[in-house]
Every structure is written in C-alpha cells, then in structure tokens.
Amino acid sequence: MYYTITLNPAIDMLTKVENFGLGKLNRTGESDYVVGGKGINISLLLKNIGKENKALGFIADFTGYFIKDELKKQGIESNFVETKGFIRINIKLTTDTETEINSQSSNVSAENIKEFFNTLEELNSEYT
C-alpha cells in the first residue's frame, strides 16, 4: 500500500469563456470540477498504473466531502483529518489565453496537526 500526503488539497474548476471581457459579465460554457493537490495527483497516477494507495492530509466542509467522494469514485481510499473552514477552489479559465486563479484554504490548527501525526503513527504501527 502506498500513502500520499496532500497538505493543501484543492478543487479545480475548469471552464471556458468565449470573448472574455475584463470588467464585464461573462458566461461560461460547461465547467468541470476535478480534485487536485500534489499528493492527490500522485494518488490518481498510482491508481492509473494499478497501485493501491491511500490519500492522507486535511479536508474541510463541503469541499472536503467532494474530494473524498471523487477519490472514492475512482477507487482511492482516504484518511483525511477534518478541519474547520474550507478547501481552496481554483479557477482554470480558458479564453484567448489560459488564466489561473488559485485561492487559499483555511488554516489548520495545532490540534489538527497532532491528529494527523497520530494517524501517521497508527499507519506506521501496522507495519512494525
């Protein structure tokens, strides 16, 4: 079993706007929402090459549940520490040129970090 750690997961909103105008009302075409963050990307890659893995890190609120659900749909286990606040939602806007707008996540408390390290210790004890 492989474990990946994503300390700052994200939901990426991929969307396209024809004739984008700065300072004007713009309407998107279809949008797609995908889970992201460095560790989650590695979990997806590992799954695609047939390696079982479990995603670890921090999630919060409805955005965190979306990430857990999307990983589950793809057959990836997770063991995230739940925090208060929200997970960042990034916008990947395609128009004449591609523009990215990356938001910030909520803070992680000292208690959340302690819980995360306890999770790591529990997983480590399974193999010792």
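The values are calculated or read from the model by the stated rules, or taken from the named source; none is laboratory data. Everything numeric in this text was worked out from a predicted model, so none of it was measured. Cβ coordinates were reconstructed from backbone atoms using ideal geometry, including for glycine residues, and neighbour counts include every protein chain displayed.
So, Ile101, is that one touching a strand residue (DSSP E or B) at 6+ places or on another chain (Cβ under 9 Å), surrounded by 11 or more Cβ atoms within 10 Å (Cβ to Cβ) and among the β-branched types (Val, Ile, Thr) or not? Show your work before the answer.
Details: touching a strand residue (DSSP E or B) at 6+ places or on another chain (Cβ under 9 Å): yes; surrounded by 11 or more Cβ atoms within 10 Å (Cβ to Cβ): no; among the β-branched types (Val, Ile, Thr): yes.
Criteria not met by Ile101.
Determine, yes or no, whether Leu56 is aliphatic (A, V, I, L, M), modelled with pLDDT of 95 or more and in contact with a Phe, Trp or Tyr (Cβ under 9 Å, 6 or more places away or on another chain).
Numbers: aliphatic (A, V, I, L, M): yes; modelled with pLDDT of 95 or more: yes; in contact with a Phe, Trp or Tyr (Cβ under 9 Å, 6 or more places away or on another chain): yes.
Here the answer is yes, as Leu56 does meet what is asked.
Yes or no: Leu22 closer than 21 Å to Ser103 by Cβ and not hydroxyl-bearing (Ser, Thr, Tyr)?
Working: closer than 21 Å to Ser103 by Cβ: yes; not hydroxyl-bearing (Ser, Thr, Tyr): yes.
Yes, satisfied.
Those residues that are among the aliphatic types (A, V, I, L, M) and within 16 Å of Asn102 (Cβ to Cβ), I need them from segment 25-42; list them, please.
So the first thing to find is which residues in segment 25-42 are among the aliphatic types (A, V, I, L, M), and the list is 25, 34-35, 40, 42.
The answer is Val34, Val35, Ile40.
Only residues in segment 56-76 that are aromatic (Phe, Trp, Tyr) count as the first member; pair them with residues that are in a helix (DSSP H, G or I) and surrounded by fewer than 21 Cβ atoms within 10 Å (Cβ to Cβ), Cβ under 9 angstrom, at least 6 apart or cross-chain, and list the lot.
Note: pairs meeting the criteria are Phe58/Asn112; Phe58/Ile113; Phe58/Phe116.
So is Phe86 of a type in the set (A, V, I, L, M, F, W, C) and assigned to a loop (DSSP other than H, G, I, E, B) or not? Steps first, answer last, please.
Values: of a type in the set (A, V, I, L, M, F, W, C): yes; assigned to a loop (DSSP other than H, G, I, E, B): yes.
So Phe86 fits the description; yes.
Name the residue that is surrounded by the fewest Cβ atoms within 10 Å (Cβ to Cβ), counting only residues in segment 38-57 that are outside any strand (DSSP E or B) and polar (S, T, N, Q). Before the answer, list the steps.
Residues of segment 38-57 outside any strand (DSSP E or B): 38-52.
So of that shortlist, the ones also polar (S, T, N, Q) come out as 41, 43, 48.
Values: Asn41: 16, Ser43: 28, Asn48: 9.
Top of the filtered list is Asn48.
Among what's in segment 9-37 and is surrounded by fewer than 14 Cβ atoms within 10 Å (Cβ to Cβ) and among the charged types (D, E, K, R), pick the residue that is nearest to the chain's Cα centre (by Cα).
Going through the qualifying residues, I end up with Asp32.
Are any residues in segment 70-96 touching a strand residue (DSSP E or B) at 6+ places or on another chain (Cβ under 9 Å) and charged (D, E, K, R), and if so, which ones?
Glu70, Lys72, Glu77, Glu82, Lys84, Arg88, Lys92
What pairs can you find where one residue is in segment 85-106 and among the aliphatic types (A, V, I, L, M) and modelled with pLDDT under 95, the other is surrounded by 15 or more Cβ atoms within 10 Å (Cβ to Cβ) and assigned to a loop (DSSP other than H, G, I, E, B), and their Cβ atoms are less than 6 Å apart, with a gap of 6+ or different chains?
So the pair list comes out as Ile87/Pro9; Ile87/Ser105.
What single numbered condition from (1) under 21 Å from Asp69 (Cβ atoms); (2) in contact with a Ser or Thr (Cβ under 8 Å, 6 or more places away or on another chain); (3) assigned to a strand (DSSP E or B) fails to hold for Leu93?
(1)
Can you name the residue in segment 108-128 that is touching a residue at least 24 places away in the same chain (Cβ under 8 Å) and not acidic (Asp, Glu) and, of all such residues, is farthest from Thr28 (Cα to Cα)?
Residues of segment 108-128 touching a residue at least 24 places away in the same chain (Cβ under 8 Å): 108-109, 112, 115-116, 119-120, 123.
Narrowing further to those that are not acidic (Asp, Glu): 108-109, 112, 116, 119-120, 123.
On the way: Val108: 33, Ser109: 36, Asn112: 37, Phe116: 38, Thr119: 41, Leu120: 42, Leu123: 44 Å.
By that ranking, first place goes to Leu123.
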